[in-house]
Number of protein chains: 2
Amino acid sequence: MTNAITKAEINGGAVRVIFDDGRETAYHFLWLRDNCPRGLHPQTRERVFDLLSVGDDVAPIRIAADANALSVWWDGEDAPSVFSAEWLRANAYDGQSLSERRILPTLWGAKDLPAPPRFSFAAVKNGAALPWLLALRDYGLTIIDEAPPRTDAVREAAHLIAPLRRTNFGEEFEVRSKPDPNNVAYTALDLQAHTDLPNREMPPGVQFLHCLANGATGGESVFADGFRIAAEMRETDAAAFALLCDTPLPFRFHDGECDLRFYAPTIALDRHGDFFQIRHHLALTAPLDIDFAKTPAVYRALRAFAALARDSRFALDLRLAPGEIAVFNNRRILHGRRAFDPSSGARHLQGCYVDWDETLSRIRVLERGE
Amino acid sequence: MTNAITKAEINGGAVRVIFDDGRETAYHFLWLRDNCPRGLHPQTRERVFDLLSVGDDVAPIRIAADANALSVWWDGEDAPSVFSAEWLRANAYDGQSLSERRILPTLWGAKDLPAPPRFSFAAVKNGAALPWLLALRDYGLTIIDEAPPRTDAVREAAHLIAPLRRTNFGEEFEVRSKPDPNNVAYTALDLQAHTDLPNREMPPGVQFLHCLANGATGGESVFADGFRIAAEMRETDAAAFALLCDTPLPFRFHDGECDLRFYAPTIALDRHGDFFQIRHHLALTAPLDIDFAKTPAVYRALRAFAALARDSRFALDLRLAPGEIAVFNNRRILHGRRAFDPSSGARHLQGCYVDWDETLSRIRVLERGE
């Protein structure tokens, strides 16, 4: 349903448009010239109009509007720029319109989400991927169940979003106790809740963990909403929260093949100040090389964050069963596991990653067909 | 060559260490306990010590030092934490030590770098990759020449760094004029200097462009150092520079398969305030949906940046010849090409990408063997 244009008029250096629901918004002259649909390549839809081909003071010689479109004529150009009401409304940049387009995550503690949203492997493969992906976007954690006990099932599920994000651990990785491990995940040790690969400039956005066997004693999984933990900290210890937002920490993973390092804060916010990304992995935090005077306060904040991540108010305990694939936002959801006894039975998870921007792209493409 | 320890003493909540060249530095008690080598997994080198297993007030009961090592004893622990002088010096976090570890790029204009550093394909394949990678890190632009005229040569060169970064355009991409293009690069049109894929959360770090044919009229390449342009702007128009650092702009690429969007500023600085990343591609800049009041000033700043990118003081003209592979930091170097006439001859570049953090990792691994 599109809002119709009620009125359009020149107002200062902009065209003011009023829609039939009362929304008043405005578009600067240069913005309109820059976004003229005639300036887009007909096949690629990329802009071929050259922004430097007009002056800062470009201005219409005439405008006209009806319910469905705004037309703007420019000096020296025969054809007007014609903008549909639908496009103008979708791209309005007044404060209210910008705010309406924010998509906020649903934060959760252990009590709010006693069980993650579940979807069957067959359903997501056969046309019902969108509800699964929306749950992944909003809650950060989902379970795909009834997955076939094949080692390519996890890749099949991931391909519903995009090609795999390859890392130094390969395209797929096998989480089980191994001799000569290069990663603590590949031992039987306890793993405190963390986000994977914080030492990469862009840690993988979505992690898939397909449970192929979980017969060992121990080995329960733990998931916690890092955004919820950050929100708790913002409320109870604003100074610590600010430090974790503002202090890039060093992360590092190195083995015989690589030495991958990156500096980033524990908590990253987006342009609206909404939660964007959590990086938390004490095992891969390199020796802090931040401002000397700040170091004690940063340690206190980091310890407070780590303590919240283990708090039963936030940590969801879950024993993955064969056939289940945990699919979660690796830059939001902290995951861990209890130690297990590899002599008591087999434990084998198969994992892979895809990127977060590809996930949002897949949602947009699937929504086109709605 | 390692600096020896001259003296170590407890000073406030830290151990103060003096090295034989006079450097005085200090390490907080908790920092020392957190980084005790006994707390690292013997195989993975990841930290298994639990930061929450000690209190904020952890303190040594005794320390001792000789030229080569510092030993620290903790209450209730039999064995001391032993830190080598070399490791302590490499991880010192006083202001001077932090500053010494910064690696700054060499900024260049057209006059400073009349020709990019060149390396032969055979040399980089046969053990001389490090000088090439250091030139890539420092200048952002290199040429590999005498590459074989095979379509897998570009992949071979990229694999000296890491596996390819796959994008929505595939693992490799063919830059030539195509029917039904989904990207202006795949036409014969003029391409203003830009960085690729600014619409991705993390644009590819290194771009490889292997010239297989360049017999058409036109089609000259242009390269410009985006860091140099940003430095120019910082000096001549500090307000515009600040706006381009602080204003995330919307970028978008969409076709039948994807709708990939991301917000990021034109200029990104790292934790030291040094240049980190440039995103500039007017063709993929989505309709600006930033604060209404700021929009005119942001347009002015963006136009000023675009004008500098075309300025002959900064733009290096280069006609790629068959057998040459341009290898450049895609998040620093703006690249473009003049329009060409596809009826006048063949023009065919083959491209691929690898990530920047993998590039720095490869440099570190190669430097181990020095």
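The values are calculated or read from the model by the stated rules, or taken from the named source; none is laboratory data. Small disclaimer: the values here were computed from a predicted structure and weren't measured. So basically every Cβ, Gly included, is an ideal-geometry build from the backbone, and we count neighbours across all protein chains shown. Note: accessible area is taken over every heavy atom of the protein model, side chains too, but ligands, DNA and RNA are not part of it. Shrake-Rupley method; radii C 1.70, N 1.55, O 1.52, S 1.80 Å.
Here's a check for you: in the stretch A:274-284, which residue that is under 24 Å from A:GLY170 (Cβ atoms) and at the interface with chain B (Cβ under 7 Å from one of its Cβ atoms) is farthest from the chain's Cα centre (by Cα)?
Filtering the stretch A:274-284 down to residues under 24 Å from A:GLY170 (Cβ atoms) leaves A:277, A:279-281, A:283-284.
With the extra rule that they be at the interface with chain B (Cβ under 7 Å from one of its Cβ atoms), the set shrinks to A:283-284.
On the way: A:ALA283: 23, A:LEU284: 22 Å.
Checked the stretch A:274-284; the qualifying residue farthest from the chain's Cα centre (by Cα) is A:ALA283.
As a summary of the residue check, A:ALA79 satisfies the conditions (1) assigned to a strand (DSSP E or B); (2) more than 11 Å from chain B (Cβ to nearest Cβ) except for the one numbered (1).
So that you can scan it fast, the table gives a plain yes or no per residue for (1) of a type outside the set (Gly, Ala, Ser); (2) within 34 Å of the chain's Cα centre (by Cα); (3) open to solvent by 40 Å² or more (accessible area, probe 1.4 Å):
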{"position": "A:HIS28", "(1), (2), (3)": "yes, yes, no"}
{"position": "A:TRP31", "(1), (2), (3)": "yes, yes, no"}
{"position": "A:CYS36", "(1), (2), (3)": "yes, yes, no"}
{"position": "A:LEU40", "(1), (2), (3)": "yes, yes, yes"}
{"position": "A:LEU51", "(1), (2), (3)": "yes, yes, no"}
{"position": "A:ASP56", "(1), (2), (3)": "yes, no, yes"}
{"position": "A:ALA65", "(1), (2), (3)": "no, no, yes"}
{"position": "A:LEU70", "(1), (2), (3)": "yes, no, no"}
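Is one or more of the residues making up the stretch A:303-317 among the charged types (D, E, K, R) and away from every other protein chain (no Cβ under 14 Å)? The answer is yes; a qualifying residue exists. On inspection, A:LEU288 does not qualify as in a helix (DSSP H, G or I), under 16 Å from A:PRO248 (Cα atoms) and within 14 Å of chain B (Cβ to nearest Cβ).
For A:ALA67, state whether it is of a type in the set (Gly, Ala, Ser), farther than 30 Å from A:ILE229 by Cβ and in contact with a helix residue (DSSP H, G or I) (Cβ under 8 Å, 6 or more places away or on another chain). Considered against the rule, which asks whether it is of a type in the set (Gly, Ala, Ser), farther than 30 Å from A:ILE229 by Cβ and in contact with a helix residue (DSSP H, G or I) (Cβ under 8 Å, 6 or more places away or on another chain), A:ALA67 comes out as yes. Looking only at the stretch A:292-302, which residues are without any contact (Cβ under 8 Å) to a residue 24 or more places away in the chain and more than 7 Å from chain B (Cβ to nearest Cβ)? Scanning the stretch A:292-302 gives a single hit, A:ALA293.
Table: residues versus (1) at negative phi; (2) charged (D, E, K, R).
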| position | (1), (2) |
| --- | --- |
| B:ALA123 | yes, no |
| B:ALA128 | yes, no |
| B:GLY140 | no, no |
| B:ILE143 | yes, no |
| B:ALA147 | yes, no |
| B:GLU156 | yes, yes |
| B:LEU164 | yes, no |
| B:GLU172 | yes, yes |
| B:ASN199 | yes, no |
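Among the residues of the stretch B:238-246, are any facing chain A (nearest Cβ under 10 Å), at negative phi, at pLDDT 95 or above and open to solvent by less than 30 Å² (accessible area, probe 1.4 Å)? So far as the stretch B:238-246 goes, no, none of its residues is facing chain A (nearest Cβ under 10 Å), at negative phi, at pLDDT 95 or above and open to solvent by less than 30 Å² (accessible area, probe 1.4 Å). Can you find, within the stretch A:254-286, the residue that is surrounded by the fewest Cβ atoms within 10 Å (Cβ to Cβ) among those that are among the hydrophobic types (A, V, I, L, M, F, W, C) and within 22 Å of A:ALA239 (Cβ to Cβ)? If we take residues in the stretch A:254-286 being among the hydrophobic types (A, V, I, L, M, F, W, C) and within 22 Å of A:ALA239 (Cβ to Cβ), then A:LEU269 is surrounded by the fewest Cβ atoms within 10 Å (Cβ to Cβ).
The residues in the stretch B:51-65 that are facing chain A (nearest Cβ under 7 Å) and among the charged types (D, E, K, R) can be counted, and the count is 1. B:SER312 falls short on exactly one of the conditions (1) in a loop (DSSP other than H, G, I, E, B); (2) closer than 18 Å to B:ILE333 by Cα; (3) touching a helix residue (DSSP H, G or I) at 6+ places or on another chain (Cβ under 9 Å), and that condition is (3). One residue stands out among those in the stretch B:24-55 that are touching a residue at least 40 places away in the same chain (Cβ under 8 Å) and assigned to a strand (DSSP E or B): the one that is nearest to A:PRO181 (Cα to Cα), which is B:TYR27.
What do you reckon, is A:ARG271 within 10 Å of another protein chain (Cβ to nearest Cβ), among the charged types (D, E, K, R) and in contact with an Asp or Glu (Cβ under 7 Å, 6 or more places away or on another chain)? The answer is no for A:ARG271.
Which one of these is hydrophobic (A, V, I, L, M, F, W, C), open to solvent by less than 20 Å² (accessible area, probe 1.4 Å) and touching a residue at least 12 places away in the same chain (Cβ under 8 Å): A:ALA224, A:ALA213? After applying the criteria, what remains is A:ALA224.
Scanning the stretch A:332-346 for residues that are in contact with a strand residue (DSSP E or B) (Cβ under 6 Å, 6 or more places away or on another chain) and over 30 Å from A:ARG137 (Cβ atoms) yields A:ALA339, A:PHE340, A:ASP341, A:SER344, A:ALA346. A:PHE328 meets all of the listed conditions (1) part of a strand (DSSP E or B); (2) open to solvent by 10 Å² or more (accessible area, probe 1.4 Å); (3) at pLDDT 95 or above but one, namely (2).
Can you name the residue in the stretch B:348-370 that is over 14 Å from the mean Cα position of the chain (by Cα) and part of a loop (DSSP other than H, G, I, E, B) and, of all such residues, is modelled with the highest pLDDT? Outline the logic, then answer.
Narrowing the stretch B:348-370 to residues over 14 Å from the mean Cα position of the chain (by Cα): B:348-352, B:365-370.
Subsequent filtering for residues that are part of a loop (DSSP other than H, G, I, E, B) retains B:369-370.
Numbers: B:GLY369: 80, B:GLU370: 69.
Among residues in the stretch B:348-370 that are over 14 Å from the mean Cα position of the chain (by Cα) and part of a loop (DSSP other than H, G, I, E, B), the one modelled with the highest pLDDT is B:GLY369.
Determine which single condition A:LEU334 fails, assuming it passes every other condition in (1) within 20 Å of A:HIS210 (Cα to Cα); (2) modelled with pLDDT under 95. Against the list (1) within 20 Å of A:HIS210 (Cα to Cα); (2) modelled with pLDDT under 95, A:LEU334 comes up short only on (2).
Could you pull out the residue among B:PRO148, B:PRO181, B:PRO163 that is out of contact with any Asp or Glu (no Cβ under 9 Å at 6 or more places or on another chain) and either modelled with pLDDT of 95 or more or within 12 Å of chain A (Cβ to nearest Cβ) (or both)?
Working: B:PRO148 fails: out of contact with any Asp or Glu (no Cβ under 9 Å at 6 or more places or on another chain); B:PRO163 fails: out of contact with any Asp or Glu (no Cβ under 9 Å at 6 or more places or on another chain).
That would be B:PRO181, the only listed residue that is out of contact with any Asp or Glu (no Cβ under 9 Å at 6 or more places or on another chain) and either modelled with pLDDT of 95 or more or within 12 Å of chain A (Cβ to nearest Cβ) (or both).
In the set (1) more than 14 Å from every other protein chain (Cβ to nearest Cβ); (2) open to solvent by 20 Å² or more (accessible area, probe 1.4 Å); (3) within 22 Å of the chain's Cα centre (by Cα), B:GLY345 fails one condition alone, (3). Between a first residue in the stretch A:56-68 that is part of a loop (DSSP other than H, G, I, E, B) and a second residue that is loosely packed, with under 12 Cβ neighbours inside 10 Å, which pairs have beta carbons less than 9 Å apart while being 6 or more apart in sequence or on different chains? Taking only residues 6 or more apart or on different chains, the pairs are A:VAL58/A:ASP75; A:ALA59/A:ASP75. Per this entry, B:ARG45 is counted among residues that are under 37 Å from the mean Cα position of the chain (by Cα), open to solvent by 80 Å² or more (accessible area, probe 1.4 Å), within 14 Å of chain A (Cβ to nearest Cβ) and among the basic types (Lys, Arg). I need a count of the residues in the stretch B:184-203 that are within 11 Å of chain A (Cβ to nearest Cβ) and in contact (Cβ under 8 Å) with a residue 60 or more places away in the chain. Selection size over the stretch B:184-203: 12.
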